[in-house]
2 protein chains.
Amino acid sequence: MSFFSDLENTSIRNNSLLCVGLDPDIAQMPDIGILNFNKAIIEATSDLVCCYKLNFAFYEAAGAEGWQILHDTLREIPGDIPAIADAKRADIGNTAKAYARAIFDGLGFSAATVNPYLGYDSLEPFINSPARGIFVLCRTSNPGSADFQELQVQFECELMPLYQAVAAKTSRWNRLGNLGLVVGATYPDELKTIRRRYPDVTLLIPGVGAQGADLEKAVRGSINDKGAGIIINASRQVLYASVGQDFAQAARQSAMKLRDEINRYRNL
Amino acid sequence: MSFFSDLENTSIRNNSLLCVGLDPDIAQMPDIGILNFNKAIIEATSDLVCCYKLNFAFYEAAGAEGWQILHDTLREIPGDIPAIADAKRADIGNTAKAYARAIFDGLGFSAATVNPYLGYDSLEPFINSPARGIFVLCRTSNPGSADFQELQVQFECELMPLYQAVAAKTSRWNRLGNLGLVVGATYPDELKTIRRRYPDVTLLIPGVGAQGADLEKAVRGSINDKGAGIIINASRQVLYASVGQDFAQAARQSAMKLRDEINRYRNL
């Protein structure tokens, strides 16, 4: 099986384009340990999502134990639900190979986010994994993304923002059909542009919830003509819907509300 | 103490601009375990270097155990020799904080490499650590770095390659004097340009040895007018100088040769 077919199957079964970001912040979660917290969130939401995404920063903050929890959390996710390693890695060829090995073989993720700044050979060990989904950072959801991603660049006789040059290159590198793009919901116009130019690309879309993006705008501007092709990620909004004993139930309610709201804008 | 003062002190004491990259590749090293290998390399080279650099990919490839070895290796480095976390991290503000915490507080590194693609707020938690050295990827040593870093961008009414816009922004962000740049020895002309434009910036320079750069060109083009301001990294050339029982002694010979060769080009 491959990431994209698992994603499609899960998305259809759960009627969902929602990805829950398992980004445990010990300052915000109940004091039950990260693995138990993740288990409870997964149990409460696994019939409501199309995939999960784990941001490595929150695990690395817990050191070697955190890395083990990353590994163990993956085993708690039902095998037919794909999981994205949100690690934003990139390094020179020799080293990128070690990163890809760590994420795909060592931990067992079926997808990963990567940073394009170092160019093709830094992504090659990821790109060359046909069964994995590779999401290239394009227009990220944060305010600072404008610093470089919005700079006008000369790309093959055309003037365009850097993030569009990244999308153009990614589209060309997508010989195996396993590449997607990360575009923040916080930039709905850019989302629309990318969708118009690349009708078939799968978009991983963070930025709703705590980051304040308009969900309706984001979904309507990015959904493809089959009412799919997007993964809407929510982390804090779901994980910390309640900080009390009822956190898992509150996470379920929040995830269900989000899933249903996304579906309203899909025009199915 | 801060990274840059530790770096200067060590550099003077060891009369060295050489950084040894502790990037253990189990396929290339003797079968004695990563930590023992690192210990032997550190013991054999600690009077020949200005700092060490640990590329996280090689440790993450060994999973949770690898993360522990990263931690333990740092404890084997004499306290007055600084160590750079070559992790090339970057993420949105909230998450970048967790990465900075993992590297500086959790592991105890005094410097780190970061990727600029996500812009200012993704680097802020790193930049705001005055005692730490932050090296922003500018022109990386790999062939693919041309894909985006060489694109001509419009940056404040001037047309320049993206890597120069990154250098310009970094220079402006360097309010605390703790920012440096990563520029590959494989691009000696770009090294020269950066040095001419930024006479005071510290350059972390990978790409000699296995990557085939011309050491003399790289040093002569990048050294500042005090005969310093650069860190020349070598990994494979030192670590795998011999694959036999004499690997540590061979690493010492290789490091000494490199240090002395760099010094010949410093015009001291």
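The values are calculated or read from the model by the stated rules, or taken from the named source; none is laboratory data. Quick caveat, the model's predicted, so the values are computed rather than measured. Reconstructed Cβ throughout: ideal geometry from the backbone, glycine too, with neighbour counts over all protein chains shown. Side chains are part of the model used for accessible areas, which takes the heavy atoms of the whole protein and leaves out ligands, DNA and RNA. Shrake-Rupley method; radii C 1.70, N 1.55, O 1.52, S 1.80 Å.
Just a few scattered comments:
- Amide proton proximity set for B:LEU22, modelled H, under 5 Å, gap of 5+: B:LYS53, B:LEU54, B:ASN55
- For chain A: lysine pairs under 29 Å (alpha-carbon distance), excluding those fewer than 8 apart on one chain: 26
- Nearest-0.05 FRET efficiency for A:ILE12 and B:LEU176, computed from C-beta distance (R0 56 Å): 0.60
- Residue separation of A:GLU43 and A:ALA27 scaled by 0.36 nm, minus their Cα-Cα distance, works out to 3.6 nm of gained length.
- Leaving ligands and nucleic acids aside, the A/B contact buries around 4800 square angstrom of accessible area in total at a 1.4 Å probe radius.
- Between copies, the label points at A:LYS226 (set 7 angstrom from Cα along Cα-to-Cβ) are spaced 6.1 nm, reported in nanometres from shortest to longest.
- Per-residue HN-Hα couplings for the range A:228-244 [Karplus 6.51, -1.76, 1.60; θ = phi - 60°; Hz; x = Gly/Pro]: 8, x, 9, 10, 9, 9, 9, 10, 4, 4, 8, 4, 10, 4, 9, 9, x
- Kirkwood hydrodynamic radius of the range A:106-203, from inverse mean 1/r over distinct Cα pairs, in Å: 13.8
- Nearest-first distances (nm) between copies at A:ARG266, label 7 Å from Cα via Cβ: 6.4
- Inter-label distance, nm, simple model (7 Å from Cα along the C-beta direction), B:ARG75/A:ALA210: 3.2
- Average other protein chain Cβ within 10 Å of Cβ, residues A:162-168: 2
- Label point of B:VAL243 set 7 angstrom out along Cα-Cβ; within the range B:27-47, amide nitrogens under 11 Å from it belong to B:27-31.
- Carbon/sulfur fraction of accessible area - the range A:1-88, other protein chains in place, 1.4 Å, %: 48
- Computed over the alpha carbons of chain B, Rg followed by Dmax gives 17.6, 58 Å.
- Accessible-area composition of the range B:186-236, carbon plus sulfur, in percent [1.4 Å probe]: 44
- For the range A:125-179, the list of GluC sites (Glu not before Pro) that fall in a loop by DSSP and count at most 14 other C-beta atoms within 10 angstrom reads A:GLU156.
- Taking a point 7 Å from the Cα of A:ASP225 along the Cα-to-Cβ direction, the residues of the range A:165-197 with backbone N closer than 19 Å to it are A:192-197.
- Phi angles of the range A:77-85 translate, via the Karplus equation with coefficients 6.51, -1.76, 1.60 and θ = phi - 60°, into HN-Hα couplings of 7, x, x, 8, 9, x, 10, 9, 7 Hz per residue; Gly and Pro are given as x.
- Split chain A at each of the trypsin sites (Lys or Arg not before Pro) in a DSSP loop with at most 13 other beta carbon atoms within 10 Å, and the longest piece is A:1-174.
- For A:GLY212, the label point sits 7 Å beyond Cα toward Cβ; its separations from the matching points on the remaining copies run 5.0 nm, from shortest to longest.
- Looking at chain A, the accessible area is 36 square angstrom per residue; that uses a 1.4 Å probe and ignores ligands, DNA and RNA.
- Per-residue average of Cβ from other chains inside 10 Å of B:135-144: 5
- Amide H contacts of B:PHE155 (H built 1.01 Å from N, in plane; Pro and chain starts excluded): B:MET160 sit under 5 Å, all sequence-distant by 5 or more or on other chains.
- Taking the range A:56-210 and dividing mean pair separation by its residue count, relative contact order in percent (alpha carbons under 8 Å, at least six apart): 17
- Residues of the range A:118-151 with amide N under 19 Å of a point placed 7 Å along Cα→Cβ from A:ALA168: A:118-121, A:136-140, A:148-151
- Computed from backbone phi, the HN-Hα couplings of the range B:103-119 come to 7, 8, 8, x, 8, x, 5, 9, 7, 8, 8, 9, 9, x, 4, 8, x Hz, rounded to whole numbers (Karplus: 6.51 cos²θ - 1.76 cosθ + 1.60, θ = phi - 60°; Gly and Pro given as x).
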